[in-house]
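Worksheet for the structure shown next.
The values are calculated or read from the model by the stated rules, or taken from the named source; none is laboratory data. These numbers were taken from a predicted model, which means no experiment stands behind them. Cβ: placed from backbone, ideal geometry, glycine included. Neighbour counts: every protein chain shown. Remember, those area values only see protein heavy atoms, side chains included, never the ligands or the DNA or RNA. Shrake-Rupley method; radii C 1.70, N 1.55, O 1.52, S 1.80 Å.
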Amino acid sequence: CSVLSHNDLEKYMQQEDFEFLDPEYSEFSAATPVALRADSLEREIAFAVDHARRFAEAKSERKVCLCICGHSIYELEGFGARTGLRVLDGNTNVDTGSVFLSDLEQTKGFEFDMVIILNCASGVVPRTEDPESELFRDLCRLYVAMTRAKTDLVVSYSGECSPLLRHAIDAEQFALDEWRLYGESDD
């Protein structure tokens, strides 16, 4: 919730199409969310795919979503085809797999044991080319994706972290670490 409250949420709450549901009514109990840094987006993805697969393999019923900020669903479909990862779209049945790939938009309506949100870098989320008046849309999409995690939430970045997450990380609401300490990458 601090991701929303420390990003000028008040000025957006007056908009007609904006509805904020208090997270205290959700049944979420989990470990402290983790913010992980890598040297590049490629390394983020390699580490995250490995981590997600190991997490899902530990218990067959676990579901994991890898959300990649800053990429279209079309781009993610190409990546999914090359890596064998199913991509969330309007027709995806999450009962038929364990690790899924998505943009921030497509996560709405799903729940996963673990959500890993990649490319949470400055300039990517929020998008620098969008007018400031549109910042809340990226903030809302990021928040919705974060709330899809039932037990484990990881945000990931290379370079500088998104300003939308900076306060929560600085306030130690996320455990901050490096991807290289979480496992192997495939590169």
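Miscellaneous remarks
- Normalising the average separation of contacting C-alpha pairs (under 8 angstrom, six or more residues apart) by the number of residues puts the relative contact order of the stretch 28-158 at 38 percent.
- Lys/Arg +1, Asp/Glu -1 at C-beta; the stretch 52-184 dipole; positive extreme among S60, S98, F79: S60
- Label point distance in nm, S133-E61, each placed 7 Å from Cα along Cα→Cβ: 4.9 nm
- In the assembled protein chains, V144 presents an accessible area of approximately 40 Å² (probe radius 1.4 Å).
- Carbon plus sulfur fraction of accessible area for the stretch 62-149, probe 1.4 Å, in percent: 47 percent
- Protein-only accessible surface order, largest first, of E75, E44, E129 at 1.4 Å: E129, E75, E44
- Sequence of S162, S72 from largest to smallest accessible area, 1.4 Å probe: S72, S162
- The mean sequence distance of close C-alpha pairs (under 8 Å, at least 6 residues apart), as a share of the length of the stretch 114-161, puts its relative contact order at 68 percent.
- Extension gain, A81 back to A175 (0.36 nm per residue minus Cα-Cα distance, nm): 30.6 nm
- When the square roots of the Cα gyration tensor eigenvalues are ordered a ≥ b ≥ c, the ratio a/c for the stretch 29-187 is under 1.5, which makes its shape rounded.
- Sparsely packed loop sites in the stretch 54-152 (the trypsin sites (Lys or Arg not before Pro) outside DSSP H, G, I, E and B with at most 14 other Cβ atoms within 10 Å) comprise K59, K108, R127.
- Per-residue SASA entry for D130, accessible area with 1.4 Å probe, Å² rounded to 10: 40 Å²
- Per residue, in Å², the accessible surface of the stretch 59-178 once ligands and nucleic acids are set aside, probe 1.4 Å: 47 Å²
- Remark: accessible surface ordering of D89, D95, D50 (largest first) is D95, D89, D50, probe radius 1.4 Å.
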